[in-house]
Amino acid sequence: MAESKSAIIVGAGLVGSLWAVYLSKAGYKVTIYERRDDIRKAEISAGKSINLALSVRGWKALDAVGVGDEIRKIAIPMYGRTMHDMEGNLTYQPYGKEGQAIYSVSRGGVNARMMDIAENVGNATIHYNVECTGADTKAGIVRLKNKKTGEEFEKQADVVFAADGAFSAVRYNALQKLDRFNYSQHFIEDGYRELLLPALPNGDYPMDKNSLHIWPRGRFMLIALANEDGSFTCTLFMPHEGGENSFDKVNTKQEVDAFFKSTFPDFYTMMPNVADAWEDHPLSSLAIMRSYPWHDGKVALMGDAAHATVPFYGQGMNGGFEDCSVMWELMQKHSENWEQVFEEYSVLRKPDGDALQDLSLHNYHVMRDFVADPKFLLQKKIEAKFAELYPDKWMPLYSQVTFSTIRYSEALKNGMRQDKIMKEVMNISDIESKWDSEEVMNRILEKI
């Protein structure tokens, strides 16, 4: 009988749970260590509970091991974004072509479902309330501590995967102590606070559920994504301090009430008791974590542990799931020679991790500052029209990131090139009246 192959995954979040299924498919006995309680047994949201948006890359990784349909049961399609202005007027912008959508899933809901999948499909054993205190990367040993009993112990496996999030204990306690390991963290000046907009008394949704709702206000914004029960998870992104609209100025119930009444009047009408719900979720910060290399010895970083990003492209989970697809392809390519797999994984995937972070920051400005700008909306219309006429020559950046599996690094390069062309097109005199003319379309064609 062949010797059994063993793998340890640190972190039972989204990426760790999915990766367990892939490893099990390859014949590995998988053990997962998770520092938190089993979220399926507690009425709590998993860590940072912003709703997540699943798109093509994520679905590809889930479907490759046959678990996509299980997640489709709890996913709500969003076909575009609906902008709410100060007067409560709505403008709608489709995300892609007819029928293309990103899917809203609650982080807690999808994480609980993924843990079930890790156990039932991946035959993984998950140990809760166990934190990683260190690792010997060359020997594939993780040092662990049971948070309930205080017991400290070590476990060894053929391969170890750190899927334990932005503040990865494996990265911090092991890789960051290595010579020539690069690491940086950058907190953006904005934080976020979450609010739950309840369903209407009859259980209906208070707004269109198949839309991502945005209240863009220049330096800050509110967004809302639908949940299965008729409610919306809403997130306010705003500077921590400085300026008249910042979290340090909005604290008392009176301040919260006045802020929403004047800034988001149509939202306030739907949730007049917003000030009472203000403290239900903590004020949280947002950071970008970069690291390299993403492996050492028998240990590799995956998902946020390698490339945590800010949530403004809705690609954090999709990028983490794509790490699983890429690692799986490399396992086949190198016949599970892990030294070669990890070496190529770091080199191949790092530019895409960096590009995803750059794209996320860029989209933050798009959502916050530009989506309400008529010129920006016109530019998007011109791009959509040109892409329809010449689909083999032009795919809008958003579609490259969200509706394709083009590498993030390629998409970023293409996007920068396209943006340069569009800036010139927008400078054509009287562009507003002739935006869909043959002259404008030919001008773009010449530049490609």
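None of the figures in this text is laboratory data; all of them are computed from the coordinates on show. Computed from a prediction, not measured in an experiment: that's the story for all the values here. Virtual Cβ from ideal backbone geometry, glycine too; neighbours counted across all protein chains shown.
Before moving on, here are some points about what is shown:
- Against the chain, whose longest principal axis is taken from its Cα atoms, helix 338-365 shows a tilt of about 30°.
- Measuring r between the beta carbons of Leu178 and Glu336 and using R0 = 22 Å, the FRET efficiency lands at 0.35.
- Peptides 119-130, 139-150 ordered by average Cβ neighbours within 10 Å, highest first: 119-130, 139-150
- Candidate cross-link partners of Lys29 among the aspartates and glutamates, defined by an alpha-carbon separation under 16 Å and a same-chain spacing of 8 or more, comprise Glu3, Glu119, Asp158, Glu336.
- Spatially proximal lysines relative to Lys393 (Cα-Cα < 25 Å; intrachain offsets below 8 disregarded): Lys60, Lys97, Lys375, Lys380, Lys381, Lys385, Lys413, Lys420, Lys423, Lys434, Lys447
- Taking segment 373-447 and dividing mean pair separation by its residue count, relative contact order in percent (alpha carbons under 8 Å, at least six apart): 30 percent
- Listed residues Met271, Met327, Met289, most fluctuating in the chain (Gaussian network, C-alpha, under 10 Å): Met271
- Within straight-line reach of Lys177, meaning a Cα separation under 21 Å, sit the following lysines at least 8 residues removed in sequence or on another chain: Lys138, Lys145, Lys155, Lys298, Lys350.
- In nm, spacing of pseudo-spin labels at Leu445 and Glu244 (7 Å Cα→C-beta vector): 5.0 nm
- Relative contact order %, the chain, counting alpha carbon pairs below 8 Å whose residues are six or more apart: 18 percent
- Among Phe376, Phe403, Phe264, Phe321, the ranking by other beta carbons within 10 Å of each residue's beta carbon, starting with the fewest, stands as Phe376, Phe403, Phe264, Phe321.
- Between helix 438-447 and the chain: long-axis angle, C-alpha atoms, 0 to 90°, nearest 10: 40 degrees
- Shape category assigned to segment 209-317 from the gyration tensor of Cα positions, a/c cut at 1.5: prolate
- Local electrostatic count at Val256 - Lys and Arg +1, Asp and Glu -1, tallied over other residues with Cβ under 14 Å: -3
- Segment 165-222 and segment 384-448 have Cα centres spaced 29 Å apart.
- Amide H contacts of Met78 (H built 1.01 Å from N, in plane; Pro and chain starts excluded): Ile102, Tyr103, Ser104 sit under 5 Å, all sequence-distant by 5 or more or on other chains.
- Segment 324-354 and segment 257-309 have Cα centres spaced 30 Å apart.
- Note on the chain: with a GNM built from Cα contacts shorter than 10 Å, the maximum mean-square fluctuation among Gly58, Gly230, Gly11 falls on Gly230.
- Nearest-0.05 FRET efficiency for Asn89 and Glu438, computed from C-beta distance (R0 25 Å): 0.15
- Stretch gain in nm, segment Lys261-Asn210, where the contour uses 0.36 nm per residue and the Cα spacing is subtracted: 15.8 nm
- GNM top mover of Val299, Val274, Val30 - the chain, alpha-carbon springs below 10 Å: Val274
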